[in-house]
Amino acid sequence: MERETIERLAMDLALGELSEDAVTLFETYLAEHIEARQWAEPIMQTCIRTRQSIMQKTQAAARLTQYEPVRLFPADWSALARWAAVVAIAAFLGVAIGRRSVPSPTQRPETVVVRTAPRQAGPEGWQRILSDSEQGFWQSKAIAMLQSQPREIPGSFESQPSLWDRYRQFRKERSREETH
Amino acid sequence: MARTFQTEFGQFWRQTCGKVRAYMFCASNSASDADDLAQECYLRAFRNWDRFDGRGSRQAWLFAIARNTQTDWFRKRGRDARVLERGAAERAPEASAPKLDDAEALWQAVGRLTAEHREIVHLRFAADLSYDEIARTLNVPVGTVRSRLHRALKAIREQMEEVQNGT
C-alpha cells in the first residue's frame, strides 16, 4: 500500500472510524510490514496528542467558568431569614383563620347603676317595699337603717372636695364666727 | 406536548453542551466568549427545533448551527479573515513564552492551520463528531473530510517536528 493510504488508515484506526474487520486486517498488515508501521505510528501519535491537547485546554477553560452560587445572606442570616419566614407564615395563617371563624356568643355585661345618693322614698313607699318583700325582719331593718343614714356608695365616681373647696369652706366659717 | 419538547430539548442540551462549548472555546480562545456563543447557539436551536428534517443526526444539525453562530459572531465583532487565520495561538497570552510544553505547542500548531483544516480539527477533536457528522455539518462528502483531516494532522506533525528540531 502507498504511504498516504497507510497514513489515512492509521488515522481512521486512531479515531475509531474503522470497522472491527478492518481493524483486524490493518493490524495484521502493520505487524507484517515494518515500513508501514513506521509510517502509521507518527500519524497515530499526532491524533492522540492533538486530542489530549484540545481536551486539556477546553477542560481548563470549563473550570474557569464554574460559578459559585451567590449567597444572599451569610449562613447565620439565612437561618434567621428562614425562621422569620416561618413565623410570618404562621402569623398570616392565624389571622386568616381567626377572621374566618364564627365569633363566640358573649354575654353583655350588666349595666351597673351608680347612685351617689340613697333613693328617697316616702312612708308609703317604705310600707310598699316592706309589704312586697318576702325578706326577713333583719334585712328589712338594715334597709331602713341605710335609708336613714345616707352614705357614699363605694366605687362611685363622686368627686372628693378639693383643697380649694375646703379652704373656701374654712373661710366662710371663720367670717361667720367673726360676724357673731 | 410542550412538556415532552422541554424534556427532549433538556436531554439534548445535557448530552451536547460540553461539546458545543469546547468547540466554541477552540474558535474564540476565551471561556466567556465560548459561553456566550454556546448560549446563542442553543437559542437558535431552540427556535428552529422543528426545522430539523431528520436527515443525519440531530448533533450534526446542532453543529451546523454552531458553525453559523461562530461566523456571525466573528462578523459582528469585526474580525477579518486574517485575524481568524492567525488562530487561537497568537491570541493566547502564553504564546510569547520561550519554552512550551507539548500540549501548548500543539495547541498553537492547531491555531496556525488554515481555517479549513482548523475547523475540521475542532469538529473532530473538540466536538468529537464522526466523519459522517462532520460531513453533514460542513455539507461536504465524507472523503473530503478524511482528506482534510489527514492534511491537517500532517501539518500539525510537521510543525511539531519543527518546534522540536528548532528549539
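The values are calculated or read from the model by the stated rules, or taken from the named source; none is laboratory data. Predicted model only: the values in this text are computed from it and were never measured. Here the Cβ is made from the backbone with ideal geometry for all residues, glycine too, and neighbour counts use every protein chain on show.
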Checklist line | Qualifying positions in the range B:17-45 - away from every other protein chain (no Cβ under 14 Å) and surrounded by 14 or more Cβ atoms within 10 Å (Cβ to Cβ) | finding: B:Glu40, B:Cys41, B:Tyr42, B:Arg44, B:Ala45
Check: All but one of (1) surrounded by 12 or more Cβ atoms within 10 Å (Cβ to Cβ); (2) part of a helix (DSSP H, G or I); (3) of a type in the set (A, V, I, L, M, F, W, C) hold for A:Leu18; which doesn't?
Finding: (2)
Margin query: Can you find a residue that is at pLDDT 50 or above and closer than 21 Å to B:Ala127 by Cα anywhere in the range B:88-96?
Written below: no
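Here's the yes/no breakdown for (1) within 14 Å of chain B (Cβ to nearest Cβ); (2) surrounded by fewer than 16 Cβ atoms within 10 Å (Cβ to Cβ); (3) under 15 Å from B:His150 (Cα atoms):
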{"position": "A:Leu9", "(1), (2), (3)": "yes, no, yes"}
{"position": "A:Leu13", "(1), (2), (3)": "yes, no, yes"}
{"position": "A:Leu25", "(1), (2), (3)": "no, yes, no"}
{"position": "A:Ala36", "(1), (2), (3)": "no, no, no"}
{"position": "A:Glu41", "(1), (2), (3)": "yes, yes, yes"}
{"position": "A:Cys47", "(1), (2), (3)": "yes, no, yes"}
Next item on the list: May I ask you to verify whether B:Leu100 is in a loop (DSSP other than H, G, I, E, B) and modelled with pLDDT of 90 or more?
Entry: no
